[in-house]
Structures are given as C-alpha cells and as structure tokens.
Amino acid sequence: MLQRAWGQVRENRGSAGVDRITIAQIEEQGVEVFLDELQQELVRESYRPWPARRVFIPKPGRSEQRPLGIPRIKDRVCQTAAAKIVLEPIFEADFRDCSFGFRPKRSAHQALDQIKREVMRGHRWVIDADIRGFFDALDPKILEQLVCERISDRRVLKLLRGLAESRGARRGDPAASRGRLAARLADDCSHAIANFEFERSIGRRRGRILP
C-alpha cells in the first residue's frame, strides 16, 4: 500500500514540506529505507504528521490569493495511502451515479455531457451553486462522525484523525492545512450532504443533481 502511495506522490512531484526534504533526496538515500521507516512508525503507532508549509497561491480569475499547506513528502505518502487507497473505495459505494466531482475516472466534461442529455429530455433549468469557505468552516467533528459510520478499527481512526487535524505551519490556521486526506474527507462530506438533500427534496420533484 505504501509503495503504491509513494508511486502516486512521486508522479505528482510537488515541493518539499517544512523539513525541506525533496523527492530526489529520498530517491538518492533509498526509497525502500524511507518506506520501511514509515511502515515501522505506523506499526508502532509512533507516526505523527508535521505541520504543513504555508504558501499562498492565486485564485483562478481573481486578484486574491488563498493559503495552501504543503505537507512533508512522508505525510503526503501517508495521506495518499489513507485517502486514495483506504477511504476512497469505501465512500465511493455511497455516491449516486449522477455524482461526478473529484471521483476516480469521472470528470467535469462527463457532468456537462449528462446535463446536455437532461436538456434533451426536456429539463430546462441548471442551477450552479457553491458553498463559500466550506472547507475552512466545516466542523471536524462532522468529518469524524462520517468516518466512524464506515470504519471501526481504532488504529485506523487514530491515524485518520491525526492526519485530518494537522495544521499549517502558522499555528491555528485551518485554511493552510489542505492536505489530501482532509480535502478528501471534506469532499466526501459535501457529497453525503448533497445526496441527503437530493433524497429529501430535489428527488421528490424528479430533478437531477450533479455534485
């Protein structure tokens, strides 16, 4: 699992975290040594994620900037293993077939194609909505409850809790802690809410929702 997660992290490249250790340095020192060390930390339950390195990136089409947290490569490997390999298959089973956002082998282009098909069936209204500051304002307890409904292993929950709660290098800055795992959990939570609202109201009016 860690080997697969390392492959994805390496493919994505990316900058070093607060420890300034790069992918090239890990490869030079030995990937197997790096992964063995991480595996032992996880087995001993001594692994602790570090704060993310805080940077600012421009918002598309705006003059504003948003904070971004860059975790250590070790933390990115652990996050990838937890989010993509452990959590994603579990929560994928809950999503509706009309859900396209941030799902494997699905894209915005496919969502647009679905909208076109709905128009051809006679639907005429398309509502595009976004939740402002959703990630920053989301209560971590909601995420934890969502995960606990599907995962019961104490060690896994402890690991996920530590990864999701890791902060940016600037203490108390939740906006800078956008790691893969926290983003994945927030996305899963938003989809769960959207699915609930679909069943509660929109579904009764025979509409379609494309999260």
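In the range 5-29, what residues are assigned to a loop (DSSP other than H, G, I, E, B) and exposed (fewer than 11 other Cβ atoms within 10 Å of the Cβ)?
Those that are assigned to a loop (DSSP other than H, G, I, E, B) and exposed (fewer than 11 other Cβ atoms within 10 Å of the Cβ): R13, R20.
What pairs come out if I take residues in the range 56-83 that are in contact (Cβ under 8 Å) with a residue 40 or more places away in the chain and under 30 Å from V33 (Cα atoms) and pair them with residues that are open to solvent by 20 Å² or more (accessible area, probe 1.4 Å) and aromatic (F, W, Y) whose C-beta lies under 6 Å away, six or more apart or interchain?
R72/W50
Right, P49: more than 19 Å from the chain's Cα centre (by Cα) and in a loop (DSSP other than H, G, I, E, B) or not?
The answer is no for P49.
The values are calculated or read from the model by the stated rules, or taken from the named source; none is laboratory data. Just so it is clear, the structure is predicted and the values come from calculations on it, not from any experiment. Note that each Cβ is placed from the backbone with ideal geometry, even for glycine, and that neighbours are counted across all protein chains shown. Accessible surface is based on the protein model in full, side chains and every heavy atom, while ligands, DNA and RNA are left aside. Shrake-Rupley method; radii C 1.70, N 1.55, O 1.52, S 1.80 Å.
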